[in-house]
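A.B. asks: Take a look at this one; I'll ask things after.
The values are calculated or read from the model by the stated rules, or taken from the named source; none is laboratory data. Just so it is clear, the structure is predicted and the values come from calculations on it, not from any experiment. Every residue, glycine as well, gets a Cβ built from its backbone with ideal geometry; the counts of neighbours run over all protein chains shown. All accessible areas refer to the heavy atoms of the entire protein, side chains included, with ligands and DNA or RNA removed. Shrake-Rupley method; radii C 1.70, N 1.55, O 1.52, S 1.80 Å.
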Amino acid sequence: MTGHHLVLCDGPAGDAGVFRAAYARHLAKCFHRFLELEPELPTGLHGVHRHLTDLVRRAVATDESRLLHCFASPTVGTPLRCLGVRDDMPKVQARIDEGAAVMMPHLLFEMGLHGLIGDRETVLWEHGAPRLASLAIGGQVVPPAGADGLRFSASHVAAVARGAEIARLPFDADHMGTACEKPGGFRFERRYQPLRDVTHFATADHNPIAAVETHPDKSGNPVDLGNRGEEEWIDILDGAFALVESCLPGTFTEMRLMLHEVIPVGYDDTRHLSASYREAIGTIYLTLHPNVMTMTEAVVHEFQHNKFNVASDSVEFLSNAFHPLYKSPIRPDPRPLWGILLAVHAFLPVAELYRRMRDAGHPFAAHPGFERRLSELDLKNHEGMDMLRAHARFTAAGHALFADLEALEGRHLAERSARGLTNVPTEVHVA
């Protein structure tokens, strides 16, 4: 990876293939991480992990794309990646361990749904009967009471109790619904609603570190509708994604590739607090705000963080990424240069979105606060970029990435100058 084309693929020289390749490398890395997982698992899980390792090796040889798609699932990829930070998070180690264990039946469930379990294969999960969630079915299936294990085969998953099958759930979509209606069998719970054919609104979260929060104004990201109905959430989010689709169509296409779920974390009509995790690729956490423009900013912002996290999974951009700390133009707490780079990588595309909306004559652009917010974004971006110019020690890939950021910033500043606006940050923004 050179570092080019990872900012905004909608630009005149953007190359959408770079991000697709970066995401493919990320999923391949998850696959190989799973193969090497055994030493980190409790001894009692070694046998089933070996069996599952043999199964995924055969599956990747049969259909690599479909197998890697299984690792893209938030129920699989996120718990797997969280094992990498286990030793650094003692307060949530138990949750990480639990997530790593439940990840395996979820991987089997995804493989079954994608037709990747061979006709003569069966895998017995003897460590409880967890609920199995998947974006592919729009929710989760709940095993019947009394089940103490699950048996996976090519055509179905069976709930077992003391070794005997007590219920069966076909992987075939046409028969799965019928099976969930039978008394005493599996039960279906809707947990994922589609959002504008781009992602899902999720009321279930499989991120074991979601309770960990670094923002000083938040205390974790539990699923919370904020006493609002799902319909209200979906309506506002559909409006936000519609703006992205019309003004940043290339970014919208990238979202369709990698943005798997939006998780609600409360309501606030005065401010917006969103979040994403480096370990939870494809997941963003949003508070609900009644202003669609505010929600659109948050969607683009958090997706850009996801995109950067994918890119940084296989390449370093800064040699002084985390020390020392500097005052942030965006957040109230001191931030490492990594955080400043994340901020400008997210907010420069947001500023571009505003410009495209204005140039297209969107009705929102006539709002009196529209130009004020755009100016605020420009000045904060300029300050962040100046901080990086002064202090960052970029790698070769980092220099290429920063060149793309500077090109976008330069267009924005030139446009401001042409309109007679100053590019000097006010005292509010100066670090």
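A.B. asks: If each of Ser155 and Thr422 carries a label point 7 Å out from its Cα toward its Cβ, how far apart are those two points in nm?
C.D. replies: So the label points at Ser155 and Thr422 sit 7.6 nm apart.
A.B. asks: Sticking with this one: Take Asp63 and Arg411, extend 7 Å from each Cα along the Cα→Cβ direction, and tell me the distance between the two endpoints in nm.
C.D. replies: 3.9 nm
A.B. asks: Which order, highest average first, do 226-238, 310-322, 293-305 follow once you tally other Cβ atoms within 10 Å for each residue and take the mean per peptide? Spell out each step's value before the answer.
C.D. replies: Details: 226-238: 14.7, 310-322: 17.7, 293-305: 23.3.
Highest mean packing first, the order is 293-305, 310-322, 226-238.
A.B. asks: Now a separate question. So, in nm, how far is label Ser319 from label Thr122 when the simple model puts each one 7 Å beyond its Cα toward the Cβ?
C.D. replies: Result: 5.9 nm between the two label points.
A.B. asks: Solvent-accessible area per residue for region 332-431 at a 1.4 Å probe radius, Å²? Show your work: numbers first, answer last.
C.D. replies: Details: 4360 Å² over 100 residues.
Solvent-accessible surface per residue comes out at 44 Å².
A.B. asks: Out of these labelled values of Cα extents along the principal axes in Å, (i) 103, 47, 29; (ii) 77, 43, 39; (iii) 78, 40, 31, which was calculated from the coordinates shown here?
C.D. replies: Matching entry in (i) 103, 47, 29; (ii) 77, 43, 39; (iii) 78, 40, 31: (ii).
A.B. asks: So, one more: Can you send over the carbon and sulfur percentage of the accessible area for the chain, probe radius 1.4 Å, protein chains only?
C.D. replies: Values: 9430 of 18320 Å².
Summing carbon and sulfur atoms, their accessible area is 51 percent of the total for the chain.
A.B. asks: How would region 187-262 be classified by its alpha-carbon gyration tensor: rounded, prolate or oblate, with rounded meaning a/c under 1.5 and the a/b versus b/c comparison settling the rest?
C.D. replies: On the way: a/c = 1.68, a/b = 1.35, b/c = 1.24.
Prolate, because a/c is 1.5 or more and a/b exceeds b/c.
A.B. asks: Ordered by packing density, taken as the mean number of other Cβ atoms within 10 Å over each peptide's residues, highest first, how do 375-381, 90-96 rank?
C.D. replies: On the way: 375-381: 20.6, 90-96: 14.3.
Result, highest mean Cβ count within 10 Å first: 375-381, 90-96.
A.B. asks: Moving to a separate point now. What accessible area per residue, rounded to a whole number of Å², is obtained for region 79-211 using a probe radius of 1.4 Å?
C.D. replies: On the way: 5990 Å² over 133 residues.
Heavy-atom SASA per residue in region 79-211 reads 45 Å².
A.B. asks: How much area per residue is accessible in region 231-290 when the probe is 1.4 Å and only protein heavy atoms are counted (Å²)? All intermediate terms of the calculation are to be shown ahead of the outcome.
C.D. replies: Details: 1930 Å² over 60 residues.
For region 231-290, the solvent-accessible area averages 32 Å² per residue.
A.B. asks: About the Cα centre, and with charges only on the beta carbon of Lys, Arg (+1) and Asp, Glu (-1), how big is the dipole of region 139-267? Nearest 20 debye, please. Mind showing how you got there, number by number?
C.D. replies: On the way: 11 positive and 19 negative charges, 118 e Å.
Roughly 560 debye, rounded to the nearest 20.
A.B. asks: Name the shape class, rounded, prolate or oblate, that the alpha-carbon gyration tensor gives for region 81-240, where a ≥ b ≥ c are the square roots of its eigenvalues, rounded holds for a/c under 1.5, and otherwise prolate holds if a/b is larger than b/c and oblate otherwise. Working shown, then result.
C.D. replies: Values: a/c = 2.08, a/b = 1.34, b/c = 1.55.
Judged from the Cα gyration tensor, region 81-240 comes out oblate (a/c at least 1.5, b/c at or above a/b).
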